[in-house]
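Below is one structure; the comments refer to it alone.
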Amino acid sequence: MHFACRHMASVKSVVSEMKKCRRVAGIFVDVMCVDMIDVAKELGVSSYVLFASGAAILRLMFDLQSFGDDRGRDLVEFEGSDEVISVSSYANPVPARVWPDPVFDRESCFLELSRKAREADGIVVNTFLEMEPRAIGSNSGEERIPRFYPVGPIIGGEAEESGESRRKREEIVRWLDDQPDSSVVFLCFGSMGAFEAEQVVEIAEALEQSGQRFLWSLRKPVYEKGLVFPGEYENPGEVLTEGFLDRTAGVGKVIGWAPQIAVLSHPSVGGFVSHCGWNSTLESVCCVVPMAAWPLGAKQQANAFQLVKDIGIAVEI
């Protein structure tokens, strides 16, 4: 948010130059850059917030902001509590334990972002009516919330691959080709999902005892500060139980990076153990693969609650 503020003058200058030779109809801003709405106002153009998650959680964010502001409550005090609130975009009351993590962090600017987003002319949401009819309907005509524009499902396409990525994808798809239809459970926890060694061993033991065919995207945690993505194990055996790879060789495959859409769209995949990030959720829905919810943080707890309790297309782990 503060990073975006430092660039407002530069953005205003660029858009002003654009207006000299063409008609600028509006400015799209990411939800983390909502201060750019002021630039649009100064230039006399419309502003639209691009929200990459779903409509239900967007309404939850607005309602939590109102809950804090209108009642003078500090949301941090509800962390770990049994508090529930009714939100029109959900069929069930939403417990504090699934509220987005930033709600409980005073340094996250959560309330400021939600307040400012109300000033936009509209909010473009990566969702679709068949997925979230209640959530989309609940936001229509709400005086204090900008108009919603559901434009989804927008899911990742086939990006340009390096030679190594293509080799890995082809190897994974060949393995899936040899499996029966709907027989494989796919475990993947997003671009930031990684577990400590003790948890990895627990997952491995569960998979082995289940006897289930599996494809497991196992990533290596990193301990640097900042936005650093998990790495790859040169040898997954270093973190797994001794002999696990040999004992499960006939039914399972442990990989690092995963070509997620290629995997989910493969006929041999019958289930998806997911962190419930919104991109992964939409990809799973579009590929018609049921989910087992294992949220790790951010907005994933709220997504999992919606998928399990409201929509009924996932089971809770």
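Values in this text are rule-based calculations from the coordinates and carry no lab data. Source: prediction; values computed, not measured. Please note: Cβ atoms are built from the backbone with ideal geometry, for glycine as well, and neighbour counts cover all protein chains shown.
For the chain, with the dipole built from +1 on Lys and Arg beta-carbon atoms and -1 on Asp and Glu ones, taken about the Cα centre, which of LEU240, GLN209, PRO100 lies farthest toward the positive end?
Value computed over the given set: PRO100.
About the Cα centre of region 163-274, how large is the charge dipole given +1 on each Lys and Arg Cβ and -1 on each Asp and Glu Cβ? Please answer in debye to the nearest 20.
440 debye
Find, among the GluC sites (Glu not before Pro) in region 234-270, those assigned to loop by DSSP (not H, G, I, E, B) with at most 12 other beta-carbon atoms within 10 angstrom.
GLU234, GLU242
May I ask you to compute the full-extension gain from SER46 to GLU107, defined as 0.36 nm times their residue separation minus their alpha-carbon distance, rounded to one decimal in nm? All intermediate terms of the calculation are to be shown ahead of the outcome.
Details: separation 61, 0.36 × 61 = 21.96 nm, distance 2.93 nm.
Working it through step by step, the gained length comes to 19.0 nm.
Each label point is 7 Å from the Cα along the Cα-to-Cβ direction; what then is the distance between the points at MET18 and GLU196, in nm?
Spacing of the two 7 Å Cα→Cβ label points: 4.7 nm.
If I stretch the segment between ASP177 and PHE28 completely, what's the gain in nm (0.36 nm per residue apart, minus their alpha carbon distance), one decimal?
Extra length available between ASP177 and PHE28 comes to 49.4 nm.
Residues of region 184-214 with amide nitrogen under 17 Å from the 7 Å Cα-to-Cβ point of VAL288?
184
Rounded to two decimal places and with Rh computed the Kirkwood way over Cα pairs, what is Rg over Rh for region 1-133? Mind dumping the intermediate values first?
On the way: Rg = 16.9 Å, Rh = 16.3 Å.
We get a ratio of 1.04 for region 1-133.
Just to confirm the number: angle between the C-alpha axis of helix 55-71 and the first principal axis of the chain, 0 to 90 degrees, nearest 10?
Helix 55-71 and the main axis of the chain meet at about 50 degrees.
For region 53-90, state which trypsin sites (Lys or Arg not before Pro) are in a DSSP loop and have at most 16 other beta carbons lying within 10 Å of their beta carbon.
Of the trypsin sites (Lys or Arg not before Pro), the ones in loops of region 53-90 whose Cβ has at most 16 other Cβ atoms within 10 Å are ARG73.
Hey, can you grab everything whose amide H is under 5 Å from the amide H of GLY252? Only 5+ residues off in sequence or another chain; H modelled, so Pro and N-termini drop out.
PHE214
Test of understanding: what is the full-extension gain from SER265 to ALA249, defined as 0.36 nm times their sequence separation minus their Cα-Cα distance?
Answer, rounded to one decimal: 3.5 nm.
Among CYS21, GLY270, MET36, which residue has its Cα positioned farthest towards the positive end of the charge dipole of the chain, with +1 placed on the Cβ of Lys and Arg, -1 on the Cβ of Asp and Glu, and the dipole taken about the Cα centre?
CYS21
State, to one decimal in nm, how far the label point of HIS7 lies from the label point of GLU142, with both points 7 Å from Cα in the Cβ direction.
2.8 nm
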